[in-house]
There are 2 protein chains.
Amino acid sequence: MCAMYGVPGTMSKPKINTMKELSETIGVSRPTLSKYFQDPAAVRPSTSKKIQERLSEVDYVYNFLTTRQNRKSTELIGVIVPSYKDLFFASLIESIEQSARELGYTIITQSSNGDSGVEANAVRKMRSMSVDGAIVAPIGVAADHDTFAAASEDFPLVFIDSRPAKSMTVANFVGTDNTQSIGAIVEYLCRTGDPPVFLGMPDLNANAQEREDAYRAKMLALNHEAIAIEPAVAGGSWEFEAFGYTVMDDCFGRREFTNSTILCANDRVAIGAIRAANKHGLFPRGGIAGGGLRIAGHDDHPLSQYMTPALTTVAQDVEGIADAAIQLLAQRARGGRSAEAVEVFLDATMKPRESA
Amino acid sequence: MCAMYGVPGTMSKPKINTMKELSETIGVSRPTLSKYFQDPAAVRPSTSKKIQERLSEVDYVYNFLTTRQNRKSTELIGVIVPSYKDLFFASLIESIEQSARELGYTIITQSSNGDSGVEANAVRKMRSMSVDGAIVAPIGVAADHDTFAAASEDFPLVFIDSRPAKSMTVANFVGTDNTQSIGAIVEYLCRTGDPPVFLGMPDLNANAQEREDAYRAKMLALNHEAIAIEPAVAGGSWEFEAFGYTVMDDCFGRREFTNSTILCANDRVAIGAIRAANKHGLFPRGGIAGGGLRIAGHDDHPLSQYMTPALTTVAQDVEGIADAAIQLLAQRARGGRSAEAVEVFLDATMKPRESA
DNA sequence: CCATAAACTTTACACGCGTCAAAATCATGA
DNA sequence: TCATGATTTTGACGCGTGTAAAGTTTATGG
């Protein structure tokens, strides 16, 4: 009717709406078609070939909703992240989608917008969609324990990036071991220059505290004094660059830390910090003797290498995390109900660049 | 069974699986419940209140798949973008999800991964899901005309960001008018310094050509010679920063364009170009007389203001685009079948910062 | 208190596909 | 050509919810 693309001469294939219709025009029974669609090899080769051929002459799309309703497995996996506008989460989603696609899963993504109410709604929606599992990068504050608990009765749940709020006992987790990653970069920084002070991230998920703790522990082990920069502003928002910029602009304005090594809790904070440094005429730089300002991050944000100076950081194994999470869910969905919660930690790797 | 969150004492509400079950324990008929869920105001206030109260004492999640199967409208909207790892698209998705949520729509997002085959599959999946409409940021090259054409028979389709390949005749489009946006920044650059040369983006969608054309047109109108930098590398990938960096690193290495005003086709290319400049000791800067290197971008990428120097650019109206696209689909889905293709252009606004 | 309309319940069918059992057909080897 | 097992067809039911029709209850107004 609405021939928006009406190109004269382009005769489109006849549209077929239901499998019953299809079975009639194609000349096989509907149950056989059903088997074919679930596994083309499940029917006789000659039949399979016949179906395949006739199918190409026809415009038929299976009904996703109905098929999922009736199968034991929906092959849907829910993904919830606090924000799309964070390249770390974006990278995670991209990798998750890819790993899922390879296993035949469809991803349903929802942003919690940094809001625990929205997060809870998203979890409920996943439940209503009968997903085979869900991957959640949780918000730390005021996470809705009951909602997660109820959901985990219905399907396996895997947390990534950060752990859920402490009220939870045990839960599946796939991510980076902050002790290892922060440890590695603290060690690097101490080895190549002054021991670092720590610039945290807003306390929005478990990583904020875990990374600071990891920093303190490593500094202690290395016999250095741990110093955390006290943010002059309340950092309650996910705008990490703004946070890093504001805090360090304030410090540098008072000529504080202008000669220090600053380890930031993540790259987005570091990007803001670098911007603040630049504004004050400072260009952090590693690899030279005699001190001077250095700034390092955590995550290996895709744009970190385009900063000036290029940001020294530790890279999380994003693909590894995505793949492990999907594998875990796939395994659980296929009846591998070990029931026991699993925690998978992947190593982060140093990315020494210019800034430290 | 798998009491991952088993907190002793936390008695969970009784789980109810079907609406029939619910109707029995709640004391109203199933059809009434059905009406209630579609619109709580559609039943008598006393009944509505009763249902609402009993509902809170029980753990019931409606079956998303089944409800969508039977409603005339699924209230699903498909979204397809070339990549999640591009903050412009990420911003778009975030705004789309928000606008959609307000209208009760659920978003199904898929990345085409810059691959037209994957894009076509995504469109087919949207068809199989019986979405009420789809929003797609298309890939320009070798777009699968037939797939889009078939889809647009089933539901309204809105293209955003860039137009589909030219093989298409007319299609719904919501986005920025490149003539206006590029025109604005060319005018600004000419007014505040040397007329710009143009650094394009890889030819991956219609914007590549459109923006260059817009640049040439505006330069012609202003009586200046249009000059496009010829990339020494083949830019076939979506890694725009790498493209901008490589091309300009090459130029600056030969001491070319080191004193020019460079307008980049988008901010990601500009970020790469700035990095190349910095590497060569160049810090583009506007607002000073007597020439010197200047670099400008297009889109107002969220990190543009954190570059050194902060990137001068034109901001697309991301929220406006998202909202207009959703509104258009909602209107069409509600029977407003004007059938005619609509094109909505939103103005971009100058963001003068430091780099030009 | 009754007439009337609105709201509700009951009953039934529909949606498109998964799945099962029984009957019919096919392919293969002797 | 026939026996045999594998595959397909036929027919039927189920999934959880939307929805329509007909009958019953409830609220409203006089």
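The values are calculated or read from the model by the stated rules, or taken from the named source; none is laboratory data. Note that this is a predicted model, so its numbers are computed, not measured. Neighbour counts are summed over all protein chains in view; Cβ atoms, including those assigned to glycine, are modelled from backbone coordinates with ideal geometry. Just so you know, the surface numbers come from the protein's heavy atoms only, side chains and all, with ligands and any DNA or RNA stripped out. Shrake-Rupley method; radii C 1.70, N 1.55, O 1.52, S 1.80 Å.
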Problem set entry | Reachable lysines from A:K218, criterion Cα separation under 27 angstrom, eight or more residues apart if same chain | A:K166, A:K351
For this session: Pairs to check: A:K35/B:K13; A:K20/B:K125; A:K20/A:K49; A:K125/B:K35. Give those whose C-alpha atoms are more than 29 Å from each other in this structure.
Result: A:K35/B:K13
For this session: Report, in cubic angstrom per residue, the convex hull volume of the C-alpha atoms of the range A:213-280.
Result: 90 Å³
Exercise. Which whole number in µm²/s is D for chain A by Stokes-Einstein, with the Kirkwood Rh taken over Cα pairs at 25 °C and 0.890 mPa s?
Worked result: 106 µm²/s
Exercise. How about the range B:250-356: which GluC sites (Glu not before Pro) there are in a DSSP loop, with at most 11 other Cβ atoms within 10 Å of their Cβ?
Worked result: B:E340
Problem set entry | Shortest-first distances to equivalent copies, position A:Q180, nm, label 7 Å out along Cβ | 5.2
Exercise. How much length is gained on full extension from A:I227 to A:E21, taking 0.36 nm per residue of separation minus their Cα-Cα distance?
Worked result: 67.0 nm
Problem set entry | Antiparallel DSSP beta bridges within chain A, as percent of all bridges there, nearest 5 | 10 percent
Seminar exercise, completed: Sorted largest first, the Cα spans of the range A:86-135 on the principal axes come out in Å as 32, 28, 10
For this session: Report the antiparallel proportion of the DSSP beta bridges in the protein assembly as shown as a percent, rounded to a multiple of 5.
Result: 10 percent
Seminar exercise, completed: When the charge dipole of the range A:178-315 is computed with +1 at the Cβ of Lys and Arg and -1 at the Cβ of Asp and Glu, the Cα pointing farthest to the positive end, of A:S237, A:A270, A:A217, is that of A:A270
Problem set entry | Heavy-atom accessible area per residue - the protein assembly as shown, 1.4 Å, Å² | 41 Å²
Problem set entry | the protein assembly as shown, helix-only ellipticity at 222 nm - DSSP H runs n ≥ 4, -39,500 (n - 2.57), divided by all residues, nearest 500 | -13000 deg cm²/dmol
Exercise. Over the alpha carbons of the protein assembly as shown, what is the largest minus smallest coordinate on each principal axis, giving the biggest first in Å?
Worked result: 76, 69, 58
Exercise. How high is the relative contact order of the range A:178-315, given as a whole-number percent (alpha carbon pairs under 8 Å, six or more residues apart)?
Worked result: 25 percent
Problem set entry | Stokes-Einstein diffusion coefficient of the range A:1-142, Kirkwood radius over Cα pairs, 10 °C, 1.306 mPa s, in µm²/s | 87 µm²/s
For this session: With a ≥ b ≥ c taken as the square roots of the eigenvalues of the C-alpha gyration tensor of the range B:248-327, please select rounded if a/c is under 1.5 and otherwise prolate if a/b is larger than b/c or oblate if it is not?
Result: prolate
Problem set entry | Dipole magnitude of the range B:178-315 about its Cα centre (Cβ charges: Lys, Arg +1; Asp, Glu -1), debye to nearest 20 | 440 debye
Exercise. Going out from 0 in 10 Å bins, what whole percent of all Cα-Cα distances in the range A:15-62 drops into each bin?
Worked result: 29, 63, 8
Problem set entry | Magnitude of the charge dipole, the range B:24-165, Cβ model with Lys/Arg +1 and Asp/Glu -1, debye to 20 | 660 debye
Problem set entry | Cα extents of the range B:178-315 along the three principal axes, largest first (Å) | 36, 34, 30
Exercise. Taking the label point as lying 7 angstrom from Cα along the Cα-to-Cβ axis, what are the distances from B:H224 to the corresponding position in the remaining copies, in ascending order and in nanometres?
Worked result: 4.9
Exercise. What is the spin-label model distance, in nm, from A:E53 to A:D213 if the labels are put 7 Å beyond Cα along the C-beta direction?
Worked result: 6.6 nm
For this session: Only loop residues by DSSP count here, and only those with at most 12 other Cβ atoms within 10 Å; note down the trypsin sites (Lys or Arg not before Pro) in the range B:199-268 that meet that.
Result: B:R254, B:R255
Exercise. Put a point 7 Å out from Cα along the line to Cβ at A:P45; what are the distances to that point in the other copies, in nm, shortest first?
Worked result: 7.3
Problem set entry | For the range B:200-241, Kirkwood radius (reciprocal of mean inverse C-alpha pair distance, Å) | 11.3 Å
Exercise. Along the charge dipole of chain B, Cβ charges K/R +1 and D/E -1, which of B:G200, B:S99, B:P14 sits furthest on the positive end?
Worked result: B:P14
Problem set entry | Relative contact order computed over chain A (Cα-Cα under 8 Å; 6+ residues apart), in percent | 15 percent
